[in-house]
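Notes to accompany the following structure.
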Amino acid sequence: MSTPTFGSDELAQFRRTFFEECTELLADLEERLGALVAFSSDVESLNAIFRAVHSVKAGAGAFGYSVLVGFAHRFEALLDRLRDGKVELDERTLAALIAAADVFSALVDLARQSETPADDFGAEVAEELKALLDGAAAPQPTLREPAEFVEMPAAPVEKTYRIVFRPNAELFRHANEPLYLIRELKTLGTLTVDCDLARLPPFDAFNVDDAYLGWTMTLRADCAPTAIAEVFEFVDDECELTIEEIAPIASVADEAPLKAETEKPAVAVAPPAEKKAVERKASDNKTAGNAASISSIRVDLYRVDRLVNMVGELVIAQAMLAQQFTESHSTDDPTALQGFEHLAGLTRELQECVMAIRMQPVKSVFSRMPRLVRDVGHKTGKDVRLEMAGEQTEVDKTVIEELADPLTHMIRNAVDHGIEDAEVRLAAGKPAEGVIRLSAQHAGSNILIHVEDDGAGLDRDRLLAKATEKGIVSPNVKLSGEEIDELIFAPGFSTAAAVTDVSGRGVGMDVVRRNVQALGGRVQVTSTAGKGTRFTLVIPLTLAVLDGMVVAVGWEKYILPLTSIVESFRPGRGQIRVIPGGGEVVSIRGEFVRLIHLARVFGVSEAVADPCEGLVVLIELANGSKLGVVVDELIGQQQVVIKSLQDNYDPVPGISGATILGNGRVALIVDIEELTRLYDRNVRIADATMRPMAANA
């Protein structure tokens, strides 16, 4: 039988699709392992892990990754014994599953990079899997006194199976290859194959894309029928398949009766227990394969990004067209105005639909963290529990891909530096087990991700001393508590007493801040001595679009995120109060809110200086506090396309991005969370400049 040949481009495409599926399957496997750690009796997690391993194994076999297939076979064998209750899920077995998942993932990565693993790669884990399997299959006998003999385990019973495989005509069109299935069968035992040419058409009616051949095979192996059924698991909807056990031909003397017996109608393939296993695995396959293929399709992210960019340009073009029409035509034409409003609505709906394609829950990143906490806790000798909330909070896929590294550093830091040793916690009246809380929530146009521990909190005296020792801070500088907390983000800064494989190299929190800033976000830290530390990542929900309010400040136009705006108003004279230090607050419904002038923050001249002559935009910050932003006037609400300043220029403090307005001008998008810090800095600079002048006067 000849193997269908594929062009190199087609083969590369299939291989790429296989590894994309591997990424999803391994992510699900990691998540299910986490559930297994938390709930050891989670049968559904065991089934899902088995399906993931088996799916990767099937694809790996098609591409000839023999080492990966061999390890997967042993991995899934243990999982199958666990599902059947033949192996107990204790601490040893759970540790073996976690280690096997690591080796399995590493083998997939090596295959993706076309690298051959070393001969002893994962050998220790493979031996542990074998030991667990051997222990389940052949438990050690209990010796009695006096012991005349010990009964040895029975030798494996070799069975003979007759397998009839008739593929449907469209088998090849779905990237399936019978040769790989036959090769997989040969790994189970001794196989003989007879090819059926009955369906082969005349040459002039031959279609190279159709499957015409069939096979009748005889397999002698010490396996259950379920193992044979698994070989055909991914083509069971595309073929006629019969698996039946027949009596083996033991000798010439027995040949006649056995031959007569084999000619009888086919009997049950397997005992009831094994038959149930076949049905269960067939059901698993239906749930994992057919439902997924109906509900979703796989699309290259590059194509989605291109679609998003094109829709963004369409939004800008529509805004420009509407503004040009308004400026050059009379607004008395209701038909034209209605048409433009309808076009604007359709454009907005199109943009929202496209953006929804990119939105995914943060669960895919959060699911990796329980395993990380377990590993780091084991290495540091600490008992730590991870609590998670808000895993279904959705965010742009591009943002999700960049969250894994910062969260990994923050979780490791929380376990290693935040949580105290059990003895210290007990002495402080705390439970021996430390708790880390990982949560996500929406806040306006941002997503807030909190990493909070119930540890000792930041030791500010130690932080300042270490920073002074390393020359990061001058000995004569006076820093506030918040400024001392910020020192942990300095490059190369570490308070670890010794370098370990967990921490101490001074690489970590500076990477967190740099990666988060690259996303247009920021990191906030709050700490209470003896109570714990809380890190908050404030990250834009999407890097593409924003509902904003266009405001005028002098000759400049700025965008304020609409979801953060509570209201806007023009205050009366009696509502404004001046506080010591030159700041201003406005009284609204019995509450005093601090005022910040955008013109002073960004140095805009010819802007309204008196809040009573301009407008105050009341904004709610991520921490729940309010802020009044003073502007000249409101231009109007608009959905804007975000353009990255880092990609096109340089980062600007207080600015999260830019956009193009309908008139073609560039407007800057304000980072409202940074306004207070930026305003205070500008005030301090102004005070420092004025003091020498006053002294000289």
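The values are calculated or read from the model by the stated rules, or taken from the named source; none is laboratory data. Remember, it's a predicted structure, so these values are computed and weren't measured experimentally. Note that we place each Cβ from the backbone using ideal geometry, even for glycine, and neighbour counts take in every protein chain shown.
Within region 368-392, the only residue that satisfies the criterion of being surrounded by 15 or more Cβ atoms within 10 Å (Cβ to Cβ) and polar (S, T, N, Q) is Thr380.
This table checks each residue for (1) on the phi < 0 side of the Ramachandran plot; (2) over 44 Å from the mean Cα position of the chain (by Cα); (3) of a type in the set (Ser, Thr, Tyr).
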position	(1), (2), (3)
Arg570	yes, yes, no
Arg573	yes, yes, no
Ile579	yes, yes, no
Val585	yes, no, no
Ile588	yes, no, no
Ala599	yes, no, no
Gly603	no, no, no
Asp610	yes, yes, no
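Among the residues of region 58-76, some residue qualifies, meaning at least one is without any contact (Cβ under 8 Å) to a residue 12 or more places away in the chain and part of a helix (DSSP H, G or I). Taking strands (runs of 3 or more DSSP E) as the structural unit, those lying wholly within region 628-674 and holding at least 2 residues that are out of contact with any Phe, Trp or Tyr (no Cβ under 9 Å at 6 or more places or on another chain) correspond to 633-641, 655-660.
With respect to Thr408, determine if the residue is over 16 Å from Phe535 (Cβ atoms) and surrounded by 16 or more Cβ atoms within 10 Å (Cβ to Cβ). Answer is no for this residue. In region 214-250, of all residues being touching a strand residue (DSSP E or B) at 6+ places or on another chain (Cβ under 6 Å) and assigned to a loop (DSSP other than H, G, I, E, B), the one that is modelled with the lowest pLDDT corresponds to Pro248.
Screening region 199-213 for residues that are of a type in the set (A, V, I, L, M) and farther than 13 Å from Phe165 by Cα and picking the one that is modelled with the lowest pLDDT gives Val208. The residue that is modelled with the lowest pLDDT, among those in region 627-663 that are exposed (fewer than 15 other Cβ atoms within 10 Å of the Cβ) and more than 22 Å from Leu537 (Cβ to Cβ), is Asn648.
When you check Val566 against the structure, is it in contact with a strand residue (DSSP E or B) (Cβ under 7 Å, 6 or more places away or on another chain) and more than 30 Å from Val311 (Cα to Cα), yes or no? So Val566 fails the test. Within region 509-546, the residues that satisfy the criterion of being hydroxyl-bearing (Ser, Thr, Tyr) and either part of a strand (DSSP E or B) or under 16 Å from Gly418 (Cβ atoms) (or both) are Thr526, Ser527, Thr528, Thr533, Thr536.
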